[in-house]
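Chemist: Could you have a look at this structure, given as structure tokens, before my questions?
The values are calculated or read from the model by the stated rules, or taken from the named source; none is laboratory data. Computed from a prediction, not measured in an experiment: that's the story for all the values here. FYI the Cβ positions are ideal-geometry reconstructions off the backbone, even for glycines, and counts take in every protein chain you see.
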């Protein structure tokens, strides 16, 4: 019997609907659905012949020839709800993100939860996180096999992916950007800007991020107070989410990530940082695995900070019951005086990421220097 890989790269939409129980969180467009379906084909890195890959839309035939092993997969597409009604026989399930639908697909009953903002989870100081070192254990050699059997509950996955979790962690460890704040209205945004909320940005620009968002979706990047269509967009996001994360927009010099894994016993391990290529708006375009080359792109201090922060995040996730893959994004930027600075905690992704995917391809193809590109 084969296994099932679920390429639900839009899982943040279901997480938002689960958190707020509203119908105002729109589905992705058909164009985006096609893009993430093609990207999900890279999950073949974890597949064996006769496994099944689900994607929102059918994968074009020309894309199949560009991914090794894709021709050995069974491909299905459509809505996840219909997949639940008639699921393929599978001995195990691996999903991009754990959601209520994935739990139902696994045959797990999902209890309803109240409409809430799950931002208080994990706000107490963690002695385990404080003890995290710059050189934590590396994931075991069979980590790609363990992915199939280790995953968090849907409630824990939802709360750990909420930006409030990352913000609370960053605040208590002194890692939040100057001016970062969770705000609840457009008026609060304007007042925050007037009070210097974007002052640490060289351009005085800022970004508003929804509690659940990915790949540049559900966010606003702007300069100055809210006005016109930008204000309309912000009000729409506040209506959906009740609060948004405000951050000054920094002049990025280089982007990085550190993927990790938490086993069933709660033990945390972290890979060497990888490099990310992003476009001008910060949307991910490629990942480069090059462990031996990190000094070229990161200073020793930046490398140690990235690894130690990812380890500490992993300990905080483990403490609240999270199990499975996670990743922490970071970046180097130029401050207002033109000096290089390092921000070790840009995002916490409590799910599978392309950092894990690129690492798996690197190992599968025996290519220590490996580039995973989505453009």
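Chemist: Residues to consider are 197, 216; find the one that is within 23 Å of the chain's Cα centre (by Cα) and not in a helix (DSSP H, G or I).
Modeler: On the way: 197 fails: within 23 Å of the chain's Cα centre (by Cα).
Residue meeting the stated conditions: 216.
Chemist: Another question, if that's okay. Would the stretch 320-329 turn up any residue that is outside the structural domain of residue 218 (by TED's automatic domain parsing), without any contact (Cβ under 8 Å) to a residue 60 or more places away in the chain and either in contact with a strand residue (DSSP E or B) (Cβ under 9 Å, 6 or more places away or on another chain) or assigned to a helix (DSSP H, G or I) (or both)?
Modeler: No: the stretch 320-329 contains no residue that is outside the structural domain of residue 218 (by TED's automatic domain parsing), without any contact (Cβ under 8 Å) to a residue 60 or more places away in the chain and either in contact with a strand residue (DSSP E or B) (Cβ under 9 Å, 6 or more places away or on another chain) or assigned to a helix (DSSP H, G or I) (or both).
Chemist: With respect to residue 266, determine if the residue is at positive phi and either out of contact with any helix residue (DSSP H, G or I) (no Cβ under 7 Å at 6 or more places or on another chain) or surrounded by fewer than 18 Cβ atoms within 10 Å (Cβ to Cβ) (or both).
Modeler: It is true that residue 266 is at positive phi and either out of contact with any helix residue (DSSP H, G or I) (no Cβ under 7 Å at 6 or more places or on another chain) or surrounded by fewer than 18 Cβ atoms within 10 Å (Cβ to Cβ) (or both).
Chemist: If you don't mind, there's one more thing I want to ask. Has the stretch 81-104 got any residue that is surrounded by fewer than 17 Cβ atoms within 10 Å (Cβ to Cβ), in contact with a strand residue (DSSP E or B) (Cβ under 7 Å, 6 or more places away or on another chain), more than 30 Å from residue 173 (Cβ to Cβ) and at pLDDT below 85?
Modeler: Looking through the stretch 81-104, at least one residue is surrounded by fewer than 17 Cβ atoms within 10 Å (Cβ to Cβ), in contact with a strand residue (DSSP E or B) (Cβ under 7 Å, 6 or more places away or on another chain), more than 30 Å from residue 173 (Cβ to Cβ) and at pLDDT below 85.
Chemist: Of all the residues that make up the stretch 198-230, how many are in contact with a helix residue (DSSP H, G or I) (Cβ under 8 Å, 6 or more places away or on another chain), farther than 25 Å from residue 285 by Cα and touching a residue at least 40 places away in the same chain (Cβ under 8 Å)?
Modeler: 1
Chemist: OK, next. Only one residue in 8, 50, 74 is in contact (Cβ under 8 Å) with a residue 40 or more places away in the chain and at positive phi. Which one?
Modeler: Being in contact (Cβ under 8 Å) with a residue 40 or more places away in the chain and at positive phi holds for just one of 8, 50, 74, which is 50.
Chemist: Restricting to strands (runs of 3 or more DSSP E) lying wholly in the stretch 233-313: which have 1 or more residues that are under 18 Å from residue 169 (Cα atoms) and in contact with a strand residue (DSSP E or B) (Cβ under 9 Å, 6 or more places away or on another chain)?
Modeler: So the answer is 244-248, 251-262, 268-270.
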